[in-house]
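Chemist: Sharing a structure, written as structure tokens. Questions coming.
Bear in mind these aren't lab numbers, they're just calculated from the coordinates by the rules spelled out. This structure is a prediction, so every number in the text was calculated from the model and none was measured. FYI the Cβ positions are ideal-geometry reconstructions off the backbone, even for glycines, and counts take in every protein chain you see.
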Amino acid sequence: MDLSNLKPAEGTVKKDRRLGRGEGTGRGGTSTRGHKGQKSRSGYSKKVGFEGGQMPLQRRVPKYGFTNLNRVEYKGINISTLQALAEKKNLDVIKVETMINAGLISKKSRVKILAKGSLDKKLEVHAHAFSKAAIEAIEAQKGKVVKID
């Protein structure tokens, strides 16, 4: 078997309907488009959100709020997750690269360590941000908190 004799499975490929090829085909005349109107014309394409001339939903509903262009989005990681990761991989230092390799965050994510759960191991944690309670929990175990940019 090679590329020259590849074929789709039997019965999977159907022939297209040939529209507008005369009355004898059964699909001539209006070519399945009905009679008159905008949709029967060539070149017709429905605009996104068009509701037949009625005021579209996106124009009926008022605008509100705004998006802050300077907002910094963080991915929250709990200390219980860090505890599980440290036990599983036998770590004393947890960096952002470690979290990426473990599949907890993506490469572009900024990380904030949160205090949910308990920590019973001395850890050095590197992250972009920490909650106050997380800092207290890590330092209570004689661990170290390192903020990175």
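Chemist: Which count do you get for residues in the range 135-149 that are loosely packed, with under 11 Cβ neighbours inside 10 Å and closer than 8 Å to Lys122 by Cα?
Modeler: Adding up the residues that qualify gives 1.
Chemist: Of the residues Gly53, Gly117, which is surrounded by 11 or more Cβ atoms within 10 Å (Cβ to Cβ) and at positive phi? Walk me through it before giving the result.
Modeler: On the way: Gly53 fails: surrounded by 11 or more Cβ atoms within 10 Å (Cβ to Cβ).
Unique residue meeting the criteria: Gly117.
Chemist: May I ask you to list the residues in the range 6-25 that are outside any loop (DSSP other than H, G, I, E, B) and small (Gly, Ala, Ser)? Before the answer, list the steps.
Modeler: Kept after step one, since they are outside any loop (DSSP other than H, G, I, E, B), are these residues of the range 6-25: 23-25.
The one that is outside any loop (DSSP other than H, G, I, E, B) and small (Gly, Ala, Ser): Gly24.
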